[in-house]
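The values are calculated or read from the model by the stated rules, or taken from the named source; none is laboratory data. Here the structure is a predicted model, which is why all the values come from computation and not from measurement. No Cβ is skipped: glycine too gets one built from the backbone with ideal geometry, and neighbour counts run over all protein chains shown. Remember, those area values only see protein heavy atoms, side chains included, never the ligands or the DNA or RNA. Shrake-Rupley method; radii C 1.70, N 1.55, O 1.52, S 1.80 Å.
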Amino acid sequence: MDERRFESRFLCSDLIQVEWTCAADSSGGRKAGALAVEAVLEDISPLGACVQVDEPIPRGAAISIIVKHGDTPRFSGHVSYCVHRELGYFVGIRFASETRWSTRAFEPRHLTNPQALGKTRVN
């Protein structure tokens with residue numbers, strides 16, 4: 001996976017819902033339509049996010065993140081990658097320009113700026 005990030009991401013953890021549109025598969029096992037599953041938000045930035053899910057989501061699929069608490073904001077975009085790791089599928093989402101993330105729009109329950117951790121001084 002070629003990671004090209006234009007902005008630093010915040011590490012986070014929060015339960016969310018993702019919805020995406022899928023095409024019918026060639027075997028007839030899955031019909032075209034919208035699917036929704038619970039996911040874990042792993043990291044986020046103004047331009048995108050990474051979520052963990054139990055099943056793969058195709059690259060290029062239109063996808064939305066729906067926050068399950070607060071004012072229920074929604075962030076939409078497209079899947080940029082989907083890789084399987086030990087715990088499930090990690091899906092990269094590139095947000096559409098009209099749904100950029102900020103802490104004013106939504107602050108995940110557990111949010112850490114890894115760049116700030118490197119600047120912490122211990123006396």
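Go through the stretch 1-44 and give me each residue that's open to solvent by 50 Å² or more (accessible area, probe 1.4 Å), of a type in the set (Phe, Trp, Tyr) and modelled with pLDDT of 70 or more. Residue satisfying the conditions is 10 alone.
Across the stretch 50-66, the qualifying residues are those that are surrounded by 18 or more Cβ atoms within 10 Å (Cβ to Cβ) and under 11 Å from the mean Cα position of the chain (by Cα), and the one among them that is farthest from residue 17 (Cα to Cα) is 50. Among the residues making up the stretch 74-106, those that are surrounded by 16 or more Cβ atoms within 10 Å (Cβ to Cβ) and at pLDDT below 90 are 101, 106.
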